[in-house]
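Quick note: the coordinates plus some simple rules give every number you see, no bench work behind them. Just so it is clear, the model here is predicted, and its values are computed rather than measured. Don't worry about glycine lacking a Cβ; one is built from the backbone with ideal geometry, like all the others, and counts go over all protein chains shown.
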Amino acid sequence: MRIEEHPILEFKRGKKVKFTFNGKEMEGYEGETIAAALHAAGVKVLGKSLFKHRPRGFYCAIGNCSSCNMVVDGEPNVRTCITELKNGMCIETQQGKGVINYETR
């Protein structure tokens, strides 16, 4: 699901890095966003709507809509569509409005 070649845009990837998503080890590229790495790995549902719990995916990609909010390294409400992936990140699906887990900080 990752675009490898494009007739106009040039893709310069960083080095391959490992991260975990809901406890599962995955790989992506340094410098791409978390949401892009998850999408390329086949993850289409990034969370659920607050009230009706409907699945939410990669939507605006500019940090406005909150459909991609996740818990990253224990920090809730991280906009994964604008946050760059780094080696060793621990990414989790956020439940509801997000609660800070002080045990992991």
(request) Given the conditions (1) in contact with an Asp or Glu (Cβ under 8 Å, 6 or more places away or on another chain); (2) surrounded by 17 or more Cβ atoms within 10 Å (Cβ to Cβ); (3) assigned to a loop (DSSP other than H, G, I, E, B), report the number of the one that CYS81 does not fulfil. (result) (1)
(request) Could you identify the single residue in LYS97, LYS86 that is among the charged types (D, E, K, R), surrounded by 15 or more Cβ atoms within 10 Å (Cβ to Cβ) and assigned to a loop (DSSP other than H, G, I, E, B)? (result) LYS86
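This table checks each residue for (1) over 12 Å from the mean Cα position of the chain (by Cα); (2) over 24 Å from LYS97 (Cβ atoms).
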site: GLU10; (1), (2): yes, yes
site: ARG13; (1), (2): yes, yes
site: VAL17; (1), (2): yes, yes
site: GLY31; (1), (2): yes, yes
site: GLY42; (1), (2): no, yes
site: LYS48; (1), (2): yes, no
site: CYS60; (1), (2): yes, no
(request) For region 43-71, enumerate the residues that are outside any loop (DSSP other than H, G, I, E, B) and surrounded by 12 or more Cβ atoms within 10 Å (Cβ to Cβ). (result) GLY47, LYS48, ARG56, ASN69, MET70, VAL71
(message) Just to verify a result, which residue in region 19-42, among those that are without any contact (Cβ under 8 Å) to a residue 24 or more places away in the chain and in contact with a helix residue (DSSP H, G or I) (Cβ under 9 Å, 6 or more places away or on another chain), is surrounded by the fewest Cβ atoms within 10 Å (Cβ to Cβ)?
(response) GLU27
